[in-house]
Amino acid sequence: MTTAGSRRTFTEVATIYAIIAAIGGFLFGYDTAVISGAIGFIRQLFGLEPAMEGWVVSSLIVGATLGAAVSGFLSDRFGRKRMLILSALLFIVGAIASAIPSTVAELIVARMIAGVGVGMASTLSPLYIAEIAPARNRGRLVSIYQFAVVTGIFVTYFINAAIVRFGDEAWEINYSWRWMLGFGVVPGLLYLLLLLRIPETPRWLMKQKQEVAALEVLERMNGREAAKSELHEIVNLKEGKEASVTELLRPGLRLALIIGVVLAVLQQITGINAIMYYAPDIFKQAGTGTNAALLQTVLVGIVNFVFTLVALWLIDKVGRKPLLVVGAILMAISLAVVGYAFQAENVSGMLILFFILLYVASFAVSFGPVVWVMISELFPTRIRGRATAIASFSLWFADFIVAQTFPILIHRRTGIGPAATFWVFAVIAVVAVIFSAAVVPETKGKSLEDIEKMWVRK
Ligand code: BGC
């Protein structure tokens, strides 16, 4: 087989595996968006107080935080593929259980189960892709995962809108939300069935000293000759004993861990999910009517979707670092202007809409995909599962804090009001600019093994 020929084969096969693994991102996006359509009916049916409503919304995030935390240890031990399968199963069980509860407590437990699945998949899908991808287009392939997240968010707005049309008001309150949450079974089952067809990653197999199986997978994707040299590179870095988490605290890897965790937290505390979860509320506060606010929310989805595609195109060309720096600068500017617009009376809702869209676009080409790419490629294979999980756990925990505090902060009565809230996000975005420019290394085009060597030298 010619080099060019084998390369083409490699990319094609890796892309198919990447797309399958990325469906985990779709489940993530689905659950991010589905609750926004369902919560109003759930509130009416169960007569929810605000605090209880908060629990219904954030139970998924709590479950996901837990799922992210355990995914690393479990996947280092039992394999990436098996744990992805477990995540799909949990998601399916959670979706079914969310459709049939008769009490709020049952609903919260069901959402937590689905959340554990989402948290595991959110960590392991990008990690799986990073471990099978060729270095030169690893950024793009892992970004397919983020693309699946935003597709999930976008498609779900329409699924929700379609479901409410099925019945009258009584039906909406009693049943529509059950169909919305239960519909997750469809992508969940599809994910499960497709996962059965992908191989374990060669890098995990090597870590388990299963050289023959690893070579087989590499050959399937890479052709015989290229497979041998790649295996050789992985073998060179193989260590005799299993690494422990304390290794991450030693100089060198400690820096990798700090970068992973800080990027993960910054991705969330620059406010993306304040927009994703509460966009209609924000637009209403800016003086927009309910219907227009919903329409503007759909615009947010479209912009997020389109600019994630731009990121896919750019990430292996210009690299991770420039995207992070430029993206965070634009995020800081747009957040500051949104803050100003809320402060100054008589500013048009259109201005707010424009800068929120600019913010979402900037996030979608930078911190959205790049953070997931980097936390799955920064760490050495022998400890990648656990290290990526620590970063992913931090990300979900930060998401939980933002989701809980934003509705309190944004109201003048209970918090600091919308202007100051957006300024806080803007200041954090400035921190993100400085951190990305000064501390984050470029990993574009490097093999995972080259990245690993980078930390040894430090
Ligand atoms: C983030 C999610 C967010 C989504 C929005 C992802 O990268 O991790 O929290 O909802 O992007 O597109």
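The values are calculated or read from the model by the stated rules, or taken from the named source; none is laboratory data. For clarity, every value in this text was computed on a predicted model and none was experimentally measured. So basically every Cβ, Gly included, is an ideal-geometry build from the backbone, and we count neighbours across all protein chains shown. Ligands, DNA and RNA are excluded from the accessible area calculation, which covers all protein heavy atoms including side chains. Shrake-Rupley method; radii C 1.70, N 1.55, O 1.52, S 1.80 Å.
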ask   = What is the helix-to-structure angle for 384-410, meaning the angle in degrees between its Cα long axis and the longest Cα principal axis of the chain, kept from 0 to 90 and rounded to the nearest 10?
value = 10
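Whole number in Å², please: accessible area per residue of region 344-449, 1.4 Å probe, ligands, DNA and RNA not counted. Please list the in-between numbers first.
Values: 3660 Å² over 106 residues.
With all protein chains present, region 344-449 gives 35 Å² per residue.
Using the Kirkwood radius over C-alpha pairs as Rh, can you work out the diffusion coefficient of the chain via Stokes-Einstein at 4 °C, viscosity 1.567 mPa s, in µm² per second? Display every interim value, and only then the final one.
Working: Rh = 22.4 Å.
It diffuses with D of about 58 µm²/s by this estimate.
Using packing as a proxy for protection, rank 419-428, 311-320, 116-125 so that the peptide with the highest average count of other Cβ atoms within 10 Å comes first.
116-125, 419-428, 311-320
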note = Taking protein heavy atoms only, a 1.4 Å probe, and rounding to whole percent, the accessible area of the chain owed to carbon and sulfur comes out at 68
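Would you mind computing Rg(Cα) / (2.2 N^0.38 Å) for region 93-148, counting N as its residues?
Values: Rg = 16.0 Å, N = 56, 2.2 N^0.38 = 10.2 Å.
This ratio for region 93-148 stands at 1.57.
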Part-to-part distance (alpha-carbon centres) for region 165-195 and region 342-356, which is given in Å = 36
key: Summed residue charge, Cβ within 15 Å of VAL118's Cβ, Lys/Arg positive, Asp/Glu negative   = -1
For region 404-458, convex hull volume per residue from C-alpha positions, Å³ = 125
ask   = In Å and whole numbers, how far do the C-alpha atoms of region 271-409 stretch along each principal axis, longest first?
value = 56, 33, 24
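Before I look further, what does region 249-328 give for accessible area per residue, probe 1.4 Å, in whole square angstrom? Before the final figure, lay out each step's value.
Values: 3120 Å² over 80 residues.
It amounts to 39 Å² per residue over region 249-328.
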Contact order relative to length of the chain, as percent, for alpha carbon pairs under 8 angstrom and 6 or more apart = 24
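So, for region 75-124, what is the accessible surface per residue at a probe of 1.4 Å, expressed in square angstrom? Before the final figure, lay out each step's value.
Working: 1630 Å² over 50 residues.
Averaged over the residues of region 75-124, the accessible area is 33 Å².
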inquiry  = With +1 on the Cβ of every Lys and Arg and -1 on the Cβ of every Asp and Glu, and nothing else charged, how large is the dipole of region 306-458 about its Cα centre, in debye rounded to the nearest 20?
reply    = 360
key: Nearest-ten-degree value, helix 80-99 long axis tilted from longest Cα axis of the chain   = 20
ask   = In debye to the nearest 20, how big a dipole does the chain give about its Cα centre with +1 on each Lys and Arg Cβ and -1 on each Asp and Glu Cβ?
value = 1140
key: Alpha-carbon radius of gyration plus Dmax, which is the widest Cα pair, for region 102-235 in Å   = 20.4, 65
ask   = Using alpha carbons only, how many degrees (0 to 90, rounded to 10) separate the axis of helix 50-78 from the longest principal axis of the chain?
value = 0
